[in-house]
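The values are calculated or read from the model by the stated rules, or taken from the named source; none is laboratory data. Model, not experiment: these values are computed from the prediction. As a convention, Cβ positions derive from the backbone with ideal geometry for all residues, glycine included, and neighbour counts pool all protein chains shown. Each accessible area value is taken on the protein alone, full model and side chains, heavy atoms only, with ligands, DNA and RNA left out. Shrake-Rupley method; radii C 1.70, N 1.55, O 1.52, S 1.80 Å.
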Amino acid sequence: MSRLHALRQSVKQNLEEVRRGVVSTEAKHCLHCERTEQQLPLLILQFMAGQIWICPQCLPVLIHAPHKLAGKIPGAEKFGSPEPHH
């Protein structure tokens, strides 16, 4: 199966789930800047059996300064500092 075909199938399945009420149609927002999926693309993350969303502009915060997300992600204050990569 080509990637395009797989993507189309996934979109079709997601639309069916929305129609059946399996998936919430509530607007998603970035956990850091609060902008919505209507304003910019959001990345979805699976964490602690749940889903959280973050925008590409705020992703560096999650990577380099996760402590700034304390109170927004459970346990973020315990993530610690990233290892230096240079």
Ignoring ligands and nucleic acids, LYS68 exposes an accessible area, probe 1.4 Å, in Å² to the nearest 10, of 120
Straight-distance crosslink candidates among lysines, where the alpha carbon sits under 23 Å from LYS12 and sequence neighbours closer than 8 are dropped: LYS28
Separation of the HIS67 and LEU43 label points, Cα + 7 Å toward Cβ, nm: 2.2
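Can you compute the FRET efficiency between CYS33 and ARG3 using 1/(1 + (r/R0)^6), with r the Cβ-Cβ distance and R0 = 30 Å? Round to the nearest 0.05.
0.50
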Summing Lys, Arg as +1 and Asp, Glu as -1, what charge do residues with Cβ under 12 Å from the Cβ of HIS29 carry, HIS29 excluded? 0
